[in-house]
2 protein chains.
Amino acid sequence: MTYRAPVADIAFTLKHAAGLKAALAEGLYGDLDEETVDSVIAEAGRYATEVIAPLNQVGDKFGTPFKDGHVTTPPGWKEAYTDWAAAGWNGLASPSDWGGQGLPQALNAACIEMWNSASMAFGIGPVLTMAAIDALHAYGSEALKKQYLGKLISGEWMGTMQLTEPQAGSDVGALRSKAERAGDGTYRVTGSKIFITYGEHDLTDNIIHFVLARLPDALPGTKGISLFLIPKIMPDGSRNDVRAHSVEHKLGIHASPTCTMVYGDHGGAKGFLIGEENKGMACMFTMMNRARLAVGLQGVGIAERATQQALAYARERKQGAAGAIIAYPDVKRMLLTMRGLTGAARAICYATGIAIDRSLRAKTDAARKAAHERASLLTPVAKAFSTDIGIEVASLGVQVHGGMGYIEETGAAQHFRDARIATIYEGTNGIQALDLVARKVPLEGGDYTMDHMALVYLMDKEGRFVAPFNIKRAPEASAEELRRYF
Amino acid sequence: MTYRAPVADIAFTLKHAAGLKAALAEGLYGDLDEETVDSVIAEAGRYATEVIAPLNQVGDKFGTPFKDGHVTTPPGWKEAYTDWAAAGWNGLASPSDWGGQGLPQALNAACIEMWNSASMAFGIGPVLTMAAIDALHAYGSEALKKQYLGKLISGEWMGTMQLTEPQAGSDVGALRSKAERAGDGTYRVTGSKIFITYGEHDLTDNIIHFVLARLPDALPGTKGISLFLIPKIMPDGSRNDVRAHSVEHKLGIHASPTCTMVYGDHGGAKGFLIGEENKGMACMFTMMNRARLAVGLQGVGIAERATQQALAYARERKQGAAGAIIAYPDVKRMLLTMRGLTGAARAICYATGIAIDRSLRAKTDAARKAAHERASLLTPVAKAFSTDIGIEVASLGVQVHGGMGYIEETGAAQHFRDARIATIYEGTNGIQALDLVARKVPLEGGDYTMDHMALVYLMDKEGRFVAPFNIKRAPEASAEELRRYF
């Protein structure tokens, strides 16, 4: 049993639960029309289903062997990635003046879900490249953009995000990697980073590292951190002073190489400042917020795949007088829980995508600011809720399979293992909770939060929880669309 | 970080939450005294901590390689098992007239928790032997007991439980393995079984299989099933017609060999009837109920170990201004949830053990019958609740570790993988719910269930949930004991 992209559910949620249809109608995306949206979803679904999904189990078994500083990705992965990038998927929502397609972030969110349903280990790589693109586009110098943005957007090169050090996890401010001014406007970076996703691999000829480090005269804590772009291969073709030291042996996402990186074996890696000195956290947060929504979408993606697999098994597996086990109330209960949680998480994530789009495209400053606040509020919810339910749904998926679920060949167990990372990385869900309550929820009166919650159809104005697909709240959906969805 | 048996918590729960102290006082166990109970717990704790726990990660990595019908257990396992059996642990609660120690099932429950905290893959083997002992003791002929009971109780030989076939999982009645009468009072069994725990291994010279099969003239469904004892090695030293065909590649409990068994390559395995023809389900339920409580104890055991590991990590790992992460409210919340769930599950399981003891030892028929009903009611609760929270606690354990939790070397991930089986085997938790509601809860009035629930301190007579360790409800606990526990 493999994955089949649920393009009808995805299109319905995007248009009616998250509000893409309304946004299209009011011209938020210029002349973009619904037919184009539908065809992008359909084609992404086809690629995810036919090309990426079959690589998921291969990737789990093969892993990413590490030898002499080199990482080998599983058989078929390089071809799949290269074709995927060549088709323009990496730059789907990137700025068109740098080679991207300029399509909605919300539509990209739908696609990210599908890449990650197909394979979380595959999907997480481009997520970091996309986040790097956003930071470089927002804060990089024209020269840096000229050199790197086009190839990152095309996917010819991939990007990494490098925050974590052994002593600096949730507490990023404790990082010790050093950057010294070289005198020519560049920097020399030394130190080491751990848990670096796709820190080294053979999918692309070059890898562009986005690395947090500290200048000699920097303040302690997060106010003394700067962000550097450090290419693996320099523009003149020489190798920069950075290498992968080892690859972790993990519970899941085996095909995603998680590396320990070392900078400065020979005096320091050449780095280029992004944004201003000591203002690295702001740049990193641009990356991180995109990555957090994407990790939420990983939760949706793995939940969708686990649900499909459990549903197929429950339809086939015969036990007892009722025939296929889907006839039993407890199995139905599990499957409906899986479907309900997946649908709710999808709606929250796509709504976050729409908010990001509005924060970038709305006509007035006030509208952009309000949308930015909404996106900021929704991002930790999208990340934490979706990844929590990702584990829950994957676990129910194992349970529906009974004993077969515990056998690795069946595939249900891999989803359970893969799902487990998403509540941890890009800020643990405890950190998301802190972000939500300490930074995003206004404590002094106002119904700001309640308004936003009501808008994603999770809670009405009185604070009652409602289904994300309340028909009455999606009045613009046609009878045909409703019939297909329900 | 390894496991340290929580002997004080275990003794407290056994005596005061489950009611061992009261049972000792009223003479349920003859002249057994509290000091003996304490010393058994202490010694089991020492063995589990010092000998078995260090083998857990070795077992996970090594697995149980299978070649030419032979299973190799991990390095050190045979020695540990042999010493463990020689110390009398296997027969702790077995009848003393057959070489057992005749100690309380409730005390054995405490020990089973510790063996499984130390290693679920190690602990599950003896669980099935103990279950087989119970069935053989209750239903076997004197001749069969004479031949097999002593060596099963001493642990010199191990036992297996064989119900499942590819088409017969939860629906045991669909099994097709055949037994033909040989004419000499024995039977010839043909067919195959799947998911057989410790179906083949090198820990003991002989393995005694307890196998469900169907006679030619049997009724369909569960009313036509008989139970057979099928030794791997016959009393004359010849090999019986049974073999392991393969070993599964599982998500967890890698060191527990899960085998597909084949009977009858050469005409049929020689089998000996246990109980009466076509009454096999009753015998199997004797085995199964013991095994269900033991699997509940696996849930307690893995939850305890995951909690200890997370607690140790949270005390050591420094992040941010507060120092060790245990100082942060969200980490505290996770640890206290883990501890609370583990303690509640432990109390339910031990209380089930006391009920079993009373069902066997109480002075009057009426008291034994009432205790039997109580044990029957509690068994599915003990199995399902404890294994559900086993997964939840192990998952929280991963989360407390942050990124380190996802790295296999840390060990937290193994608990998460190991825990996942226990909601599935010995009857899925859905089957436990069915058993509880359809068979155990009286539907027509009466406060039978409420009374029993109140007795384990989970729910008071008005149906309000209360903590399992409500001090007011354990009045016989001394101030010293309470201080040590809280």
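Tabulated results
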item: Rounded D (µm²/s) - region A:1-111, Kirkwood Rh over Cα pairs, Stokes-Einstein at 37 °C, 0.692 mPa s; result: 208
item: Threshold 20 Å², region A:169-191 residues less accessible with all protein chains present than alone (1.4 Å probe); result: A:171
item: Which listed pairs, of B:193/B:250; A:193/A:223; A:178/B:61; B:61/B:332; A:279/B:318; A:15/A:383, have C-alpha distances above 27 Å, in listed order; result: A:178/B:61; B:61/B:332
item: Positive-end residue, the protein assembly as shown charge dipole about Cα centroid, Cβ charges, pick of B:111, B:431, A:441; result: A:441
item: Acute angle (nearest 10 degrees) that the helix B:34-47 long axis makes with the longest principal axis of chain B, alpha-carbon atoms; result: 80
item: Rounded to 5, percent antiparallel among DSSP beta bridges of chain B; result: 85
item: Hz values of 3J(HN,Hα) by residue in region A:137-144 - Karplus curve (6.51, -1.76, 1.60), Gly and Pro given as x; result: 5, 7, 10, x, 6, 4, 5, 5
item: With at most 12 other Cβ atoms within 10 Å, longest stretch of chain A clear of loop GluC sites (Glu not before Pro) (DSSP); result: A:27-275
item: Surface accessible to a 1.4 Å probe, per residue, for the residues of the protein assembly as shown, Å²; result: 38
item: Percent carbon-and-sulfur accessible area, the protein assembly as shown, ignoring ligands, DNA and RNA, probe 1.4 Å; result: 56
item: Residues along region A:300-342 losing 10 Å² or more of accessible surface when the other protein chains are present rather than the chain by itself (probe 1.4 Å); result: A:317, A:319, A:320, A:330
item: Amide H contacts under 5 Å for residue B:278, placed H, 5+ residues apart; result: B:226, B:227
item: Buried solvent-accessible surface, both chains (A, B), 1.4 Å probe, Å² to nearest 100; result: 3200
item: Crossing angle, helix A:329-361 versus chain A [Cα axis fit, 0-90 degrees, rounded to tens]; result: 50
item: Cα long-axis angle, helix B:105-118 against chain B (0 to 90 degrees, to the nearest 10); result: 80
item: Using θ = phi - 60° and Karplus 6.51 cos²θ - 1.76 cosθ + 1.60, couplings along region A:414-428 (whole Hz; Gly, Pro as x); result: 4, 4, 4, 5, 4, 4, 5, 6, 6, 7, 9, 7, 6, x, 4
item: For region B:172-321: rounded, prolate or oblate by the Cα gyration tensor [a/c cutoff 1.5]; result: prolate
item: Amide hydrogen neighbours beyond the local backbone of residue A:206, cut-off 5 Å, H modeled; result: A:158
item: Amide H within-cut-off set for residue B:5, under 5 Å, with H built and near neighbours excluded; result: B:49
item: Counting DSSP beta bridges with both ends in region B:126-251, the antiparallel % (nearest 5); result: 65
item: Isotropic mean projected area of the C-alpha convex hull, chain B (nm²); result: 23.3
item: Check: the protein assembly as shown dipole with +1 on Lys, Arg Cβ and -1 on Asp, Glu Cβ, in debye; result: 680
item: Given charges at beta-carbon only (K, R positive; D, E negative), |dipole| of region A:202-330 in Debye; result: 380
item: Computed [θ] at 222 nm, helices only, for chain A once each DSSP H run of length n ≥ 4 contributes -39500 (n - 2.57); result: -14500 deg cm²/dmol
item: In order through region B:382-387: 3J(HN,Hα) via Karplus (6.51 cos²θ - 1.76 cosθ + 1.60), integer Hz, x for Gly, Pro; result: 4, 5, 6, 4, 5, 7
item: Burial of 50 Å² or greater, region A:407-439 residues [accessible area, probe 1.4 Å, versus chain by itself]; result: A:407, A:408, A:416, A:420, A:424
item: Shape call, region B:1-43: gyration tensor on alpha carbons, a/c limit 1.5; result: oblate
item: For region A:1-155, size of Cβ-based charge dipole, Lys and Arg +1, Asp and Glu -1, in debye; result: 540
item: Exposure rule at most 12 other beta-carbon atoms within 10 Å, DSSP loop trypsin sites (Lys or Arg not before Pro): chain A longest free segment; result: A:1-362
item: Value in Å of the Kirkwood radius, where the protein assembly as shown supplies the Cα pairs that are averaged; result: 30.1
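The values are calculated or read from the model by the stated rules, or taken from the named source; none is laboratory data. Quick caveat, the model's predicted, so the values are computed rather than measured. For neighbour counting, all protein chains shown are included, and Cβ atoms are generated from backbone atoms with ideal geometry for every residue, glycine included. SASA here: full protein model, heavy atoms, side chains in, ligands and nucleic acids out. Shrake-Rupley method; radii C 1.70, N 1.55, O 1.52, S 1.80 Å.
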